[in-house]
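Undergrad: Handing you a structure now.
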Amino acid sequence: MTRRPMFTVFTPTYNRKHTLHRVYESLVRQTCTDFEWLVVDDGSIDGTRQLVDFWKHQAPFPIRYYYQQNGGKHRAFNKAVLKAKGYLFLCLDSDDACLPQTLEKFKTHWKAISEEKREEFSGIIVHCLDSCGKLIGNRFPRDCMDLRPAEMNAKFHIRGEKWGLYRTDVLRRYPYPEFEGERFIPEGVVWNRIGNDYQIRYVNEALRIYYKSSRGLDARSRKIRIQNPRGARLYYREALMQPYRWLPRMKHRLNFIAFSLHTRIPPARLCEESDSYFTTMLFLPLGYLVYVLDKKIS
C-alpha cells in the first residue's frame with residue numbers, strides 16, 4: 001500500500017503555460033519532499049498538458065494531472081480535494097511561487113500544535129511577498145496566534161494577501177457550491193464556513209511569492225462577479241453573518257442588495273433573507289444605485 005504524503009500541493013490552471021514553471025521550479029527546490037503535486041487544468045488550449053507530461057518524467061516527486069472543461073477555479077478545487085492523497089492541502093496558483101523552505105516550515109508549524117488539539121484546527125495561515133520580496137499587507141499582532149477568522153477580523157485590522165494550508169478532510173466537508181452556468185464564486189464562501197467551526201493558527205512568516213501584476217482575475221473582479229451573480233450573492237449574504245467592522249459590513253450589505261437584484265430577487269424577499277430586514281430596507285436605495293452602476297460595467 002502506497003504511503004500517504006503529508007502534503008498535496010494543488011495548482012488550478014487555465015492557459016498559464018507561460019507562468020506554470022514558477023510553481024514547478026518552486027516545488028523542485030523544496031527542502032521537504034513529502035508531497036505530491038496535483039494539477040487540475042480548467043480547459044487550457046495552450047499546451048499545458050504537454051508541459052506537465054514532460055515534467056512528470058523529470059520531477060523528483062509525483063505529479064498527477066486532471067483535465068476538465070472550463071468551469072472555474074472552484075470546480076477545479078472541488079475535484080482536487082476529492083482526488084488529494086495528502087493529509088494537508090495547499091493551493092499554489094499557476095502564476096505564483098513559494099520559498100524553498102515552505103513545506104518544511106508548514107510541517108514544523110503544524111506539528112507544533114499538540115495532537116489532542118489538532119482536531120480543533122483547520123489549518124495555518126501565513127503572509128505573502130510581492131515579486132520584489134516586499135511583505136504584502138501588515139503582520140499579525142503576535143508571531144503565533146490561534147483564533148477563528150471571525151475573531152481576527154473583528155479584533156485586528158489585518159490587510160493584504162494571506163496564504164495557507166488546510167486539512168484535506170475538513171475541505172471535503174465544505175465544498176464550493178456550484179451554480180449551473182456560473183464559473184466563479186468568491187473563495188470567502190468556503191473560508192467563512194470553515195472559520196465558523198475551526199480555529200486557524202496564524203504565523204508571522206512570509207512563504208508565498210504573489211505576482212499580482214499578471215493576474216487578470218484581480219483586474220476584472222467586479223465584472224466577473226456581475227457575470228456570476230448567484231455565487232457573489234451567496235458570499236455577501238453569508239458575510240453579513242460575520243462580525244465585520246462597520247465599513248466592510250456596510251459594503252457587504254450594499255453588494256448583497258445589488259447581487260440579489262442581479263439575480264432578480266425582489267426587494268421584499270432579499271430583505272427577508274438578510275441578517276436584518278429593517279437595516280437592509282434602509283440601505284435598499286444605495287444598493288439599487290450599486291446595481292445600476294454594475295449594469296454599466298457589464
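A short reminder: the numbers here are calculations on the coordinates, not readings from a lab. As the structure is a computational prediction, the values presented were derived from the model and not from experiment. Note: ideal-geometry Cβ built from the backbone for every residue, glycine included; neighbour counts use all protein chains shown.
Undergrad: For a quick check: with amide H placed at 1.01 Å from N, whose amide H comes under 5 Å from residue 88's, ignoring anything fewer than 5 positions away on the same chain?
TA: Counting only residues 5 or more places away or on other chains, the set is 7, 8, 168.
Undergrad: Another question, then. Please list, in chain and number order, the residues 5+ apart from residue 97 or on another chain whose amide H is under 5 Å from its amide H, with Hs placed from the backbone.
TA: Correct list: 209, 211.
Undergrad: Same structure, new question: Quick one: compute the contact order of the chain, relative version, from alpha carbon pairs under 8 angstrom and 6+ residues apart, as a percent. Write down the numbers at each step before the final one.
TA: Working: 517 pairs, mean separation 53.0, N = 298.
So the answer I get is 18 percent.
Undergrad: OK, next. Within a 10 angstrom radius of the beta carbon, how do 55, 37, 246 rank from fewest other beta carbons to most?
TA: 246, 55, 37
Undergrad: Further question on the same structure: In whole Å, what are the Cα extents of the chain along the three principal axes, biggest one first?
TA: Extents along the principal axes, in whole Å: 59, 45, 41.
Undergrad: Let me ask something additional. Once the Cα atoms of helix 246-262 and of the chain are each reduced to a long axis, what angle between those two axes, in degrees from 0 to 90 to the nearest 10, is obtained?
TA: 80 degrees
Undergrad: OK, next. Determine the alpha carbon to alpha carbon distance for each of 105/155; 17/73; 73/155; 111/212; 73/212; 107/162 and list only those over 21 Å. If you can, show how the numbers build up before the last one.
TA: Details: 105/155 27 Å; 17/73 16 Å; 73/155 31 Å; 111/212 31 Å; 73/212 17 Å; 107/162 18 Å.
105/155; 73/155; 111/212, as the Cα separations exceed 21 Å there.
Undergrad: Follow-up. Show me, for the range 52-69, the HN-Hα J-couplings you get by feeding each phi into the Karplus relation (A = 6.51, B = -1.76, C = 1.60, θ = phi - 60°), rounded to Hz, glycine and proline as x.
TA: Result, ordered by residue: 5, 4, 5, 5, 4, 7, 10, 5, x, 9, x, 10, 10, 10, 10, 10, 9, 4 Hz.
Undergrad: Related question: Relative to the Cα centre, what is the charge dipole magnitude of the chain, using +1 at the beta carbon of each Lys and Arg, -1 at the beta carbon of each Asp and Glu, and rounding to the nearest 20 debye?
TA: Values: 50 positive and 33 negative charges, 97 e Å.
Approximately 460 debye in magnitude.
Undergrad: Can you sort 176, 244 by how many other beta carbons sit within 10 Å, fewest first? Before the final figure, lay out each step's value.
TA: Details: 176 21, 244 16.
So the residues, fewest neighbours to most, are 244, 176.
Undergrad: Could I have the simple spin-label model distance between residue 249 and residue 132, label points 7 Å from Cα toward Cβ, reported in nm to one decimal?
TA: Each label point is offset 7 Å from its Cα along the Cβ direction, giving 3.7 nm.
Undergrad: May I ask you to evaluate 6.51 cos²θ - 1.76 cosθ + 1.60, the Karplus curve with θ = phi - 60°, for each residue of the range 37-47 and list the ³J(HN,Hα) values in order in whole Hz, giving x for glycine and proline?
TA: Computed from phi, the couplings for the range 37-47 are 10, 10, 10, 10, 8, 8, x, 4, 10, 10, x Hz.
Undergrad: What's the exposure ranking of 124, 297, 200, going from fewest to most Cβ atoms within 10 Å? Present the calculation step by step, with values, prior to reporting the outcome.
TA: Working: 124 26, 297 11, 200 23.
The fewest-first ordering by Cβ neighbours comes to 297, 200, 124.
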